[in-house]
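Heads up: the structure comes next, in structure tokens.
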Protein chains: 2
Amino acid sequence: MTQRKVEAAGNGWVGVDWGTSSLRAALLDGAGRVLEQRQSARGILSVAAGEFPAVLRELCGDWLAAGRLCLISGMAGSRQGWLEAPYCECPASRDDLARQLAWVDPGRIAIVPGLVCHHGGVPDVMRGEEVQVFGAMELLGVHDLVAVLPGTHSKWVEVHHGRIVSFATAMTGEFYALLRRHSILARTMDEDDGSLDEAAFVQGVKHAQRTGNLLQSAFSARTLALFERMPRAAMPSYLSGLVIGEELRSHYVADARGFVVIGAPELAQRYTLALDASVRCLGAEATWRGLASIAQSIGKP
Amino acid sequence: MTQRKVEAAGNGWVGVDWGTSSLRAALLDGAGRVLEQRQSARGILSVAAGEFPAVLRELCGDWLAAGRLCLISGMAGSRQGWLEAPYCECPASRDDLARQLAWVDPGRIAIVPGLVCHHGGVPDVMRGEEVQVFGAMELLGVHDLVAVLPGTHSKWVEVHHGRIVSFATAMTGEFYALLRRHSILARTMDEDDGSLDEAAFVQGVKHAQRTGNLLQSAFSARTLALFERMPRAAMPSYLSGLVIGEELRSHYVADARGFVVIGAPELAQRYTLALDASVRCLGAEATWRGLASIAQSIGKP
């Protein structure tokens, strides 16, 4: 970044999204607008204990040198991260999160806590997605919402009156990878996923929803191959439909609160196809806007 | 086997259960009683095309030399087996199976066909389990039954008026192995499964049934470990409870027709625990009795 840009930022502040396998940082102005972004492959799994400050300085030490506030969300707050930030209990507002920031450098650098909720006495957790959901509320101008953040472990989040009241994790992406790479179904698929076959994907969604149990519906990928009822190249799309259909079966309810997918456009496209409806989609901007909302809550920058 | 035993068998006949990873044979008398059993590790995956007759002769050529009838069930009838025996359509009786035997040596050696049924236009198949179900009917003296044959791919089979009317495959054992060995859940489990922890198993069953979706319930194995709410040694039992609970959620209905588990006693024990009820269990005897029933149907031996 040029000196001119830094000056244009005034005081500004720094947002950091530090996940398992990637690290992204943004320099933002007081209104939460992104002035510059940087990223690296130094996700927390690649960072040894004690090295977190140095890795952050390496990426954006120049931004921090000016004494700016830095808010970090994601797995950096986990036990394997920089500092374990205790989970905040649901229901939780952005102000609840702001009050429970874990400061690694008081007044300067803080980690946003994750959230915990309970289903039948069993805990569920997330770290990072809660910030994106608060960002989505601001971007959409709503206080009630159902959001899905698709991924290895998809998060389904319910927002009511501006608070995250409940959420649930679905291991959708991980089940896809397990079945795709390690199960008997892998034998009838090519190495490369190829491009999305929309018809096969929708067929998978429908079969999963009709069957109501992935243990059973997954076997259809075997028999359709056995009876040569589906081209080999369409199989990964069909399997993707099976797992996303299974996820939607339990988690999606058409709801007056509105529904948003927070994630990559190519994943949002699959939810649009599966629901046969236009679906709102937000990306990385939700993270920066969510961190900005927490910065406002603590009266900064 | 001693010469005396072979003579005692009179003509007798030979039953063979030829699966993916194992080969078992029995010499039986006219009443279907087992006189002698043998087994080998030469499942069909270890047998090259064209070598099936030699492998069978190696195991029980002496029994076959006397010109006895030999009935073979299982994956030997699949495309990767000795001879592809076309699937028989449901509903199917033992007489239907007997009429569609695939003879590899006419009048002497035959392969029992598998079954196919359809769920919403998608085929489901089994090979070998249908013979065990007909055997179970004979052993229990019933014509109506719901049977589960637990395993890598569990089969749930409905029998009405002596015919298999429908069945469904649940990839229960395979999902267990995928989650146990290849998923994030493997990180909080030891290499060895250890002995069954009954309380943890039942906790898993209940959580799966309450949650209603394995994509979600499986994540509880992660969070219970994270919050140190379950001992590491109990985790494999808990996971087993999750997958069996998910299977039962969709497939088990308390039914006046009666319910039987056909499989190893240690698996039947898990169904007894999961259902909190005494469950009838049958083992290998169901295979031999089922083959005997088909032999009777063709008027032999």
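The values are calculated or read from the model by the stated rules, or taken from the named source; none is laboratory data. None of these values were measured; they are calculated from a predicted model. Every residue, glycine as well, gets a Cβ built from its backbone with ideal geometry; the counts of neighbours run over all protein chains shown. Just so you know, the surface numbers come from the protein's heavy atoms only, side chains and all, with ligands and any DNA or RNA stripped out. Shrake-Rupley method; radii C 1.70, N 1.55, O 1.52, S 1.80 Å.
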(Q) Please check the stretch B:148-187 for residues whose accessible area, probe 1.4 Å, is lower by 20 Å² or more when all protein chains are in place than in their chain alone. (A) B:153, B:169, B:171, B:174, B:175, B:178, B:179, B:182, B:183, B:184
Q. For the protein assembly as shown, with every protein chain kept in place, what is the accessible area per residue (1.4 Å probe, Å²)?
A. 40
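Please report the relative contact order for chain A, taking Cα pairs under 8 Å with a sequence separation of at least 6, and give it as a percent rounded to a whole number. If you can, show how the numbers build up before the last one.
Values: 577 pairs, mean separation 50.5, N = 301.
Once normalised by length, the contact order is 17 percent.
Please report, as a whole percent, how much of the solvent-accessible surface of chain A comes from carbon and sulfur atoms (probe radius 1.4 Å).
Values: 5960 of 12110 Å².
C and S fraction of accessible area: 49 percent.
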Q) For residue A:37, which inter-copy label distances result when the label point lies 7 Å beyond Cα on the Cα-to-Cβ vector, reported in nm to one decimal and in ascending order? A) 6.3
Q) How about the stretch A:177-281: which chymotrypsin sites (Phe, Trp or Tyr not before Pro) there lie in a loop by DSSP and see at most 14 other Cβ atoms within 10 Å? A) A:227
Q | Rg and Dmax of chain A, Cα atoms only, in Å | A | 20.8, 66
Q) Gap in Å between the Cα centre of the stretch B:18-32 and the Cα centre of the stretch A:131-197? A) 48
Q) Where in the stretch A:262-301 does the amide nitrogen come within less than 14 Å of the point 7 Å from the Cα of residue A:66, taken along Cα to Cβ? A) A:301
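Hey, any idea what the orientation-averaged projected area of the convex hull of the protein assembly as shown's Cα atoms comes to, in nm²?
That works out to 30.0 nm², a quarter of the Cα hull's surface.
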Q) For chain B, modelled as a Gaussian network with Cα springs under 10 Å, which listed residue fluctuates most, B:54, B:168, B:264? A) B:54
Q. Measuring label to label, 7 Å along Cα→Cβ, what does residue B:188 give against each other copy in nm, shortest first?
A. 3.5
**Q.** Using a 7 Å Cα-to-Cβ projection, residue A:276 label spacings across copies, nm, ascending
**A.** 4.0
Q. With each label point set 7 Å from Cα along the Cα-Cβ vector, what nm distance links residue A:22 and residue A:285?
A. 1.8
Q. Picking from A:138, A:58, A:174, which is most flexible by a Gaussian network model of chain A using Cα springs under 10 Å?
A. A:58
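Please report the projected area of the stretch B:172-282's Cα convex hull averaged over all directions, in nm². Don't skip to the answer; put the middle values down first.
Values: hull surface 27.1 nm².
If you wrap the Cα atoms of the stretch B:172-282 in a convex hull and average its projections, you get 6.8 nm².
So how much accessible surface do B and A hide from each other in total, probe 1.4 Å, in square angstrom to the nearest 100? Mind showing how you got there, number by number?
Numbers: alone 14120 and 14110 Å², together 24230 Å².
Summed over both sides, the interface buries about 4000 Å².
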Q) What does the average come to when, for each residue of peptide A:222-235, you count the partner chain Cβ atoms lying within 10 Å of its Cβ? A) 2
Q: Grab the other residues whose beta carbon is less than 15 angstrom from that of residue A:149, score K and R as +1, D and E as -1, and report the net.
A: -4
Q | Förster-model FRET efficiency, 60 Å R0, residue A:195 and residue B:35, C-beta, rounded to 0.05 | A | 0.50
Q) FRET efficiency for residue B:144 and residue A:160, Cβ-Cβ distance as r, R0 = 51 Å, nearest 0.05? A) 0.55
Q) Other chains near A:236-248: what is the mean number of their Cβ atoms within 10 Å of each residue's Cβ? A) 1
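To the nearest 0.05, what FRET efficiency results for residue B:264 and residue A:272 with a Förster distance of 41 Å applied to their C-beta separation?
Details: r = 46 Å, r/R0 = 1.13.
Given R0 = 41 Å and the Cβ-Cβ separation, E is 0.35.
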**Q.** Disulfide-incompatible cysteines by the Cβ rule (no partner under 4.7 Å) in chain B
**A.** B:60, B:70, B:88, B:281
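From the protein chains alone at 1.4 Å, what is the descending order of accessible area for A:45, A:28, largest first? Could you put the intermediate results ahead of the total?
Details: A:45 125, A:28 0 Å².
Descending order: A:45, A:28.
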**Q.** Cβ neighbours within 10 Å from other chains - mean over B:197-210
**A.** 1
